[in-house]
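Student: Okay, here's the structure, questions in a sec.
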Amino acid sequence: MTIKEIQNELIEDFSFFEDWMSKYEYIIQLGKELPLINEAYKTDDLLIKGCQSRVWLHADYQDGKVVFTADSDAIITKGLVSLMIKVLSNQQPKDIVNSELYFIDEIGLKEHLSPTRANGLVSMVKQMKLYAMALSAKV
Amino acid sequence: MTHYDIHSIRADFPILKTTVNGKPLVYLDNGATTQKPLAVINAITDYYTLKNSNVHRGVHHLSQVATDAYEITRKKVKHYINAAHEHEIVMTSGTTHGINLVSSCYGKQFVKAGDEIIISAMEHHSNIVPWQMLCEERNATLKVIPISDDGELDMSAYRSLLNDRVKMVAVTYVSNTLGTINPVKEIIKLAHEYGVPVLIDGAQAIQHIAVDVQALDADFFVFSGHKMYGPTGVGVLYGKEKWLELMPPYQGGGDMIKEVKFEKTIYNELPFKFEAGTPNIEAGICLANAIDYINEVGLNNISLYETELLKYATKALNDVEGIRIIGTSQEKSSVISFLLDGAHPYDVGVILDKLGVAVRTGHHCTQPLMERFAIPGTVRASIAMYNTKEEIDTLVLAIKKAASMLL
Ligand SMILES: Cc1ncc(COP(=O)(O)O)c(C=O)c1O
């Protein structure tokens, strides 16, 4: 699926939630299910400092695609990280670089992607694109 | 506490009637900043409608009106903290400004290589970094009074840190993270045995505890208007005349001079020597309305009410399974920091916000303190004169909801 198709699917999934609580319960669930990053990658140089919650991000390049794994110490952040990975992992570098992420807005979680929010998510997206950019330059 | 009319107090704060995410606002982030009563809000409009003019410089009518109003605040502050003289009240932009002024000006005059500055393990970054900068610049050493697991200062360690090389002791009256009320009177007395001046960070005390700088014998006492129901952008540095006279000015500019020649400038007298440039006039004037408001309710009434509320909240939170309160000192004021077992403070804060409850999460600008307790941060509920037991009940329900979602 393309980045756009995945985003649209997520938007549709979230449209079934009737209130904020079920939405957040789902995000928390995603956070709990996110495949853990290899502990070896939870190092300071892979840490994205978000002031309050911390995010670790690792990128691999396999068969022309970027595979992201990540973790966070806060579960809601982790759930949101998991959404980002669903959308951007296993994609070609140039598609990641050129992607426009509109689904967070559409599913009503915009406040979490505000640059003043101290959760590290904005820096994570930036970092994902930087990895992809570095890789597409190599290819 | 029969005459504490909580309903009429709440009615004076319009923001308390608003909703957040469809829920009535429960504002428990008063340690960060307090809400403002109508008396202050109206005074701000009034200032711009009727008094706006620059202070200390015009002979025209409006300038005199603004200057008089501004100077009334200084008088009221003097009474509020029982300073000996009006000229010991330096108007600043806030606590941070006051501490930087002292560390810079006192430091320039009195601190040299090999000297020591004492702070405590529970200081706000505002009362750490300026002293660190001074120590770096002067090749002096920063010493830190350790604290117990309950969040109380280790007074015997403090005693052993005092010696002739110490040039300043700077400690907080009330910890913004733990709520600990420190024995500042004793801290000051011990420092004075070595002739060492003491700066008290009163940012979290001034709105809760009656302060008498002369009884405390404090050399410097700083606080912010916005944490005491007043406007943002104004604060106070109280300094004993003897120290303020000996310190060089902070910034140069208008208002702080008596006479300027290119060869040499004669500085103005106290307190204007430390008040360069146009201040935040509106905030300065309207701080007086906040002080009046506190006095009308009565600081002692407020203290009693808040102490009772803190007791109620502590018990209610302790009854929630999995809650660990950080900061269990004997003497506490208005702040409860806690952790919900297994949940990150950030997650708890997000859920509480969804339920209309405003708390602060994170390190509260006290990173070394978080390191001392080996935690990433806390959830902090901080109360003010207008909070109620019902709001504490809402907080507890919200925490239980968060626990059921997160754990
Ligand atoms: C104990 C303490 N000191 C200093 C400050 C800094 O105050 P301001 O930001 O108003 O300068 C605060 C405010 O958070 C505080 O709680």
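The values are calculated or read from the model by the stated rules, or taken from the named source; none is laboratory data. Source: prediction; values computed, not measured. Note that we place each Cβ from the backbone using ideal geometry, even for glycine, and neighbour counts take in every protein chain shown.
Student: What about B:L317, is it more than 16 Å from the ligand (Cβ to nearest atom), surrounded by 17 or more Cβ atoms within 10 Å (Cβ to Cβ) and over 30 Å from A:Y26 (Cα atoms)?
Tutor: No: the conditions fail for B:L317.
Student: When only residues in the stretch A:19-45 that are of a type in the set (A, V, I, L, M, F, W, C) and touching a helix residue (DSSP H, G or I) at 6+ places or on another chain (Cβ under 9 Å) count, which is farthest from the other protein chains (Cβ to nearest Cβ)?
Tutor: This residue is A:I37.
Student: Got at least one residue in the stretch B:376-383 being away from chain A (no Cβ under 14 Å), at pLDDT 95 or above and under 20 Å from A:R54 (Cα atoms)?
Tutor: Within the stretch B:376-383, none of the residues are away from chain A (no Cβ under 14 Å), at pLDDT 95 or above and under 20 Å from A:R54 (Cα atoms).
Student: Now for a different question. So is B:G58 within 16 Å of the ligand (Cβ to nearest atom) and surrounded by 13 or more Cβ atoms within 10 Å (Cβ to Cβ) or not?
Tutor: Considered against the rule, which asks whether it is within 16 Å of the ligand (Cβ to nearest atom) and surrounded by 13 or more Cβ atoms within 10 Å (Cβ to Cβ), B:G58 comes out as no.
Student: While we're looking at this one, here's another question. I want to confirm something. Restricting to the stretch B:213-245 and keeping residues that are assigned to a loop (DSSP other than H, G, I, E, B) and under 15 Å from the mean Cα position of the chain (by Cα), which single residue is nearest to B:E193 (Cα to Cα)?
Tutor: The selected residue is B:V234.
Student: Same structure again: Being in a loop (DSSP other than H, G, I, E, B) and β-branched (V, I, T) is true for just one of B:V59, B:V65, B:V40, B:V77. Which residue is that?
Tutor: That would be B:V59, the only listed residue that is in a loop (DSSP other than H, G, I, E, B) and β-branched (V, I, T).
Student: If I filter the stretch B:319-332 for residues that are outside any loop (DSSP other than H, G, I, E, B), touching a residue at least 60 places away in the same chain (Cβ under 8 Å) and within 14 Å of another protein chain (Cβ to nearest Cβ), do I get at least one hit?
Tutor: No - not one qualifying residue is present in the stretch B:319-332.
Student: I need the full set of residues from the stretch B:181-212 which are under 11 Å from the mean Cα position of the chain (by Cα) and under 15 Å from B:H79 (Cα atoms), in order please.
Tutor: B:I206, B:Q207
Student: Can you pull out the residues in the stretch B:223-244 that are in contact with a strand residue (DSSP E or B) (Cβ under 6 Å, 6 or more places away or on another chain) and either farther than 23 Å from B:N301 by Cα or more than 11 Å from the ligand (Cβ to nearest atom) (or both)?
Tutor: Hits for the stretch B:223-244 are B:G235, B:V236, B:L237, B:Y238, B:G239.
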